[in-house]
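Since every read-out is calculated from the coordinates, none of them should be taken as a lab result. None of these values were measured; they are calculated from a predicted model. FYI the Cβ positions are ideal-geometry reconstructions off the backbone, even for glycines, and counts take in every protein chain you see.
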Amino acid sequence: MQPGPEESEISTLLDRYLIGLDDDELDDAWARGLFTKDALVEFPMSRHEGLEGLAGYHRDALTAFAATQHLGSPALVALDDDDGERATLRANLVSTHAHHPGAADEPLFQVGTLATGEARRTAEGWRLSSLAFRVLWSRGTPPRAQEPR
């Protein structure tokens, strides 16, 4: 069964999110085009709540690496049967992180992740209201803990 236009629009939000991470185009316009004002993004090691500062949160996290490549499966999207204004999504990801030269014994850190999220229909279109990542496996050396600023 082919996804409908709404499911495709919601699935594309995750694709645009991942491509934005790799293209290093993380600014407030990027965040506004993907997330609701009260969005929650959760990783195993940290989380960020709200649209304000969300792009900077991602930029700061990615400075640990020289480059990244995020590959995602097609997202499975389910529209809420009650009102059609909310949806859930789920996808599998493989993320490859290239360390800065000399930052680790191995050049790459790879992670297999289950991504889950929720989306809401807004006046601007569908936006992610939550996005969470659960690590299923990893290979290589993770980045060193960053000093608090």
Which residue, D60, D83, D27, tops the fluctuation ranking in a GNM of the chain built on C-alpha contacts under 10 Å?
-> D83
Per the Kirkwood formula on distinct C-alpha pairs, the Rh of the chain is how many angstrom?
-> 16.0
List every residue whose amide H lies under 5 Å from the amide H of S138, counting only residues 5 or more places away in sequence or on a different chain, with H placed 1.01 Å from N in the peptide plane.
-> G112
At 0.36 nm per residue, minus the direct Cα-Cα distance, what do E25 and T12 gain on full extension? Give it in nm, one decimal, please.
-> 3.0 nm
Work out from phi, with θ = phi - 60° and the Karplus expression 6.51 cos²θ - 1.76 cosθ + 1.60, the ³J(HN,Hα) of each residue of the range 14-28, listed in order in whole Hz, and give x for Gly and Pro.
-> 5, 4, 5, 4, 5, 5, x, 4, 7, 7, 6, 10, 9, 10, 4
Using the 10 angstrom Cβ neighbour count as an exposure proxy, how do F35, F109, F43, F133 rank, fewest first?
-> F43, F133, F109, F35
Cα-Cα separations in the range 1-78 greater than 19 Å, expressed as whole percent | 40
Using just the helices of the chain, give the 222 nm mean residue ellipticity in deg cm²/dmol: DSSP H runs with n ≥ 4 each add -39,500 (n - 2.57), and the total is spread over all residues, rounded to 500.
-> -6500 deg cm²/dmol
Write out the GluC sites (Glu not before Pro) in the range 1-97 meeting two conditions: DSSP loop, and at most 12 other Cβ atoms within 10 Å of their Cβ.
-> E25, E52, E85
All-pairs alpha carbon distance profile, the range 94-138, 10 Å steps from 0, percent = 24, 29, 26, 16, 4
Hypothetical label at D82: residues of the range 103-126 whose amide nitrogen lies under 17 Å (7 Å Cα-Cβ projection) = 118-122
